[in-house]
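Some notes on the structure that comes next.
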Amino acid sequence: MGNELIQITAVSQPGLTGEPQSSPDSSSGGLKTFYIETFGCQMNVHDSEKVQGVLLARGMKPVGDHAQADLVLYNTCSIREKAAQKVFSRLGAFRKGDGGAGKVIGVLGCVAQQEGERFFERAPQVSLVCGSASYSKLPHLLDKLEAGKRRVSGLSLDTDECFETELTRRDNPFRAYLTIIEGCDQRCSFCVVPMTRGPQRSRPSEKILAEARQLVDEGYTEIQLLGQIVNAWQDPSSARWSFAELLSHVAEIPGVRRVRFTTSHPRFFSPDIVQAIDAHSTLCDQIHLPVQSGSTAVLARMLRGYTREEYLEKIHCIRKARRTISLSTDVIVGFCGETRQDFEQTLSLMKEVGYDQVFSFKYSPRPNTLAEANGEALAEEEKGRRLAELQELQRQIQVRRNQALLGETIEVLVEGYQVRLGQAVGRATTNRVINFPGSPEDIGRYLAVKVTGAGPNSLVGARA
Ligand code: 5AD
């Protein structure tokens, strides 16, 4: 989901999409190896895949840890303060003399955008600062570093372009991320994203479709369409497809088995999306629809653009779909001015909807956002208590919902194998994870698995 904390590191198997544009000798400036660590959402994970593509095309090689790398990049997240702090703790290690000498250290992503050139003062070991709206300038910035420049930055947000590159090094061999829209024009009062990712810009439908077809040709069977607000996508090309039409076209590509999309904003969620899911079995039985709060008063202060009732209408529309669609959401607890009654409204909404997964967070004040202006801050302990209460409720809901699946047979894509346990790890179209006795050869296959056990976070099964 848009909020999963994922860390990926460069791995050494090949998988570069597209032809290198420059010869391996172009890294003669000394940057021969790289290491990227990624924090934050799928957009960041996928941005890092594109950045890796650019670096591979320069003839650079990925290495497994920062100590061996000439170029160390941190792709950062600033959605909450805790996430933003991570890069500073990584950089602190270099300051203490842990092998920083002779390396080029760069910071990408949302903290880079937020801090800008202040980074150079705060962390003098950093030579490159670049926000996601400037990634198309990365090759140029790397050229400058190789030519001996000490500090370079790409921080302009004034763009109407997406980061287009033929050179993407995807990490997952089955599921390919595909960006359809970048940036965000909403002004939710808690959220830093519009300030860190720039204005909203959609890719043309023909480019998206061409990339999706290419991915299928390369053997990917699952495509995940990405955007901060994926369903705000508007086709800039003359075809003028709606988002639902785009979904249908991607779903109809021969060889596609699964299509997911994340993250949807309730404000832009229209019934034609559900109709598209009804019409295409390849569109997964899963929708992530962040509600943030169950209280209309809090939603108004968050500037979300919908009421509790309007949100529930969208849920009602999803519940009327032909297949049972799994629902997940994001919730912020302890937003400025959230009363006990407001919080109870969130709990009651969760009971009413019955989500299959909830990503919940304590409100974390962010720089340059409006939230502080419109309500009294809650004590951290109170936020913590509310979070624990909400998570316990959701745990019970998930146990109940997962146990209702006992005895059912579901199709899973096998994504991994745990050697120690002899267990294959599969994922259902609903995004549920299921563990079952299998073999390493199962990875990448679609198998029928019967559900024999259910916990709050995953299922247990056996080959049907
Ligand atoms: N504090 C806490 N959570 C936040 N999110 C976004 N901004 C904040 C913040 N300032 C959460 C929202 C969003 C998810 C990606 O992160 O729930 O949907």
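Some observations on this one:
- Residues of type lysines that LYS82 reaches as a straight line, Cα spacing below 20 Å, ignoring anything fewer than 8 places off in the same chain: LYS362, LYS383
- Candidate aspartates and glutamates - alpha carbon under 13 Å from LYS320, same-chain residues fewer than 8 apart omitted: ASP272, ASP278, ASP285
- Over the chain: helical MRE at 222 nm, DSSP H runs n ≥ 4 each giving -39500 (n - 2.57), nearest 500: -9500 deg cm²/dmol
- Amide H contacts of THR168 (H built 1.01 Å from N, under 5 Å, at least 5 apart or other chain): THR17
- Structural descriptor for the chain: relative contact order 10 percent, calculated from alpha carbon pairs under 8 angstrom and at least 6 residues apart.
- Prolate/oblate/rounded label for the range 316-356 (Cα gyration tensor, a/c 1.5): prolate
- Centroid-to-centroid separation of the range 430-454 and the range 332-347 [C-alpha atoms, Å]: 38 Å
- Alpha carbon centroid spacing (whole Å) that separates the range 380-410 from the range 37-89: 32 Å
- Within the range 271-330, the proportion of C-alpha pairs whose separation exceeds 12 Å stands at 67%.
- Per-residue ³J(HN,Hα) for the range 431-448, Karplus 6.51 cos²θ - 1.76 cosθ + 1.60, θ = phi - 60°, Hz, x for Gly and Pro: 5, 6, 9, 9, 9, 7, x, x, 9, x, 5, 6, 4, x, 8, 9, 10, 8
- For the range 47-55, backbone phi angles converted through the Karplus equation (6.51, -1.76, 1.60; θ = phi - 60°) give residue-by-residue couplings of 4, 5, 4, 5, 4, 4, x, 4, 5 Hz, Gly and Pro being listed as x.
- Assigned charges on the beta-carbon of Lys, Arg, Asp, Glu; the range 38-114 dipole about Cα centre (debye): 140 debye
- Relative intensity, log₁₀ I(q)/I(0), of the chain from a Debye sum that treats every alpha carbon as a point, q = 0.11 Å⁻¹: -0.96
- Amide H to amide H distances under 5 Å link TYR417 with VAL425, where only residues 5 or more positions off or on other chains count and H is placed in the peptide plane.
- P(r) tail fraction, the range 318-464 - alpha-carbon pairs more than 26 Å apart, %: 42 percent
- Judged by a Cβ-Cβ distance under 4.7 Å, the unpaired cysteines of the chain are CYS41, CYS77, CYS110, CYS130, CYS162, CYS184, CYS284, CYS317, CYS336.
- The range 255-316 and the range 217-233 have Cα centres spaced 16 Å apart.
- Along the chain, longest interval not containing exposed trypsin sites (Lys or Arg not before Pro), exposed being DSSP loop plus at most 15 other Cβ atoms within 10 Å: 324-419
- Lysines with Cα under 29 Å of LYS149, excluding same-chain neighbours fewer than 8 positions away: LYS32, LYS50, LYS61, LYS86, LYS96, LYS103, LYS137
Values quoted throughout were computed directly from the atomic coordinates according to the rules given, and no laboratory measurement underlies them. Treat the numbers as computed from the prediction; the structure is a model and nothing was measured. Virtual Cβ from ideal backbone geometry, glycine too; neighbours counted across all protein chains shown.
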